[in-house]
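Single-structure report; data block below.
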Amino acid sequence: SAKRHGRNVSQRFRPALDVQNSPHMTLVYGLRDALANGDQLELHYQTQHRISDGAVVGMEALLRWRHPEYGMVSPGDFIPLAERHGLMGPLGNWVVDETLAQMARWRELGMPALPVWINISAIQMFQGELETALSAGLARHGIAPAQLGLELTESVLLDERAGDIVPRLEALRARGHRIAIDDFGMGYSSLSYLKNLPLDKLKLDRAFIRSLPDDPADAAIVSAVLAMARGLGLDVVAEGVETQGQLDFLQQAGCRLVQGFLYARPGPAAAIEAQWQVQVAGQQPELVLRPEP
Ligand code: C2E
Ligand code: MG
Ligand code: MG
Ligand code: MG
């Protein structure tokens, strides 16, 4: 019938065209393919440094997607899409396994075992797959849990869909994982949760670092967070450190650890290896990177 024909037309063309013309859905389908094939996804690593001597104390794994047409798509753009379209579970599992596989490759090369930190999405917490993915990956690649740190944002820690997070974090820590709050200071107004959560580290959001040392309000906030963290027995990593002025302020305020372009941009695993090889050649196998001039 004409009616049936009309509906078929609209089903076949209008919605399909809308979907295909939307870069949003194109990205979602592309991401699904990337997950199935694996070759467009990769992890970059950014080193974290002790200010006193520049030594690398760990690394953060950051997800990258090389889209065949759009080039490098930022995680800030595709992670929210993955979360909305049911792809964050598989994507998070891929990050867990690939990070551990890379740590095993570095071990084969004889590199010193540095802790690597991965970012955990709220979806991974409330779907409850995280623990399974971690156990499977750690066993498959022979990595100790103490070497794999977990970064969670305040919004993840306080997301009710994640259920009662305290026992889960306690269980993860009992296995040996370390837990950091990412983007600290951006998510929540009450600090009372800090005394109830089992945590190792705060990552001070770069929004507070950007205007140091000149902005008196940011300087006050950063100093207060550092004092508070000391009282609570938590490490602090300042994120997004780009200038010597920021570094000097942080060091003077008692901050020990930093991550930012001043020391190193995120780069592929090969860049970390190359850096280490240079230092082995210079009889300094410890991975010590000085701030870039
Ligand atoms: P994040 O976890 O806070 O990661 C730090 C971000 O700051 C990274 O952006 C890094 O490249 C950038 N950054 C580091 N140092 C500097 C600096 O000195 N200056 C500036 N301007 N930026 C700096 P990236 O890689 O684009 O990642 C953005 C966000 O995407 C991450 O923020 C994290 O929330 C999320 N993300 C990345 N990888 C993953 C992942 O595997 N899983 C999940 N769930 N989220 C991820
Ligand atoms: Mg992070
Ligand atoms: Mg962060
Ligand atoms: Mg951030």
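With the other protein chains left in place, how much accessible area per residue, in square angstrom, belongs to the stretch 196-293 at a 1.4 angstrom probe?
It amounts to 50 Å² per residue over the stretch 196-293.
How big is D, in µm² s⁻¹, for the stretch 11-134 by Stokes-Einstein at 25 °C and 0.890 mPa s if Rh is the Kirkwood radius over C-alpha pairs?
D, rounded to a whole number, is 151 µm²/s.
Considering Cα pairs under 8 angstrom that are at least six residues apart, work out the relative contact order of the stretch 189-293 and quote it in whole percent.
22 percent.
Determine the share of the chain's accessible area contributed by carbon and sulfur atoms, expressed in whole percent, with a 1.4 angstrom probe.
52 percent
For the stretch 33-142, which GluC sites (Glu not before Pro) are both in a DSSP coil and crowded by at most 15 other Cβ atoms within 10 Å?
Glu69
Taking Cα pairs under 8 Å and at least six residues apart, what relative contact order does the chain come out at, in percent?
18 percent
Calculate, in nm to one decimal, what Tyr70 and Leu197 gain on full extension: separation in residues at 0.36 nm each, minus their alpha carbon distance.
41.7 nm
Can you work out the accessible area per residue across the stretch 28-174, with the rest of the protein chains kept in place, probe 1.4 Å, in square angstrom?
41 Å²
Fully extended, how many nm does the chain gain between Ala224 and Arg105 (0.36 nm per residue separation, minus their Cα-Cα distance)?
38.8 nm
For a distance above 27 Å, tell me the whole-number percent of Cα pairs in the chain that qualify.
47 percent
The values are calculated or read from the model by the stated rules, or taken from the named source; none is laboratory data. From a predicted model like this one, the values you see are computed outputs, not experimental measurements. Here the Cβ is made from the backbone with ideal geometry for all residues, glycine too, and neighbour counts use every protein chain on show. Just the protein is used for accessible areas: all its heavy atoms, side chains included, with ligands, DNA and RNA removed. Shrake-Rupley method; radii C 1.70, N 1.55, O 1.52, S 1.80 Å.
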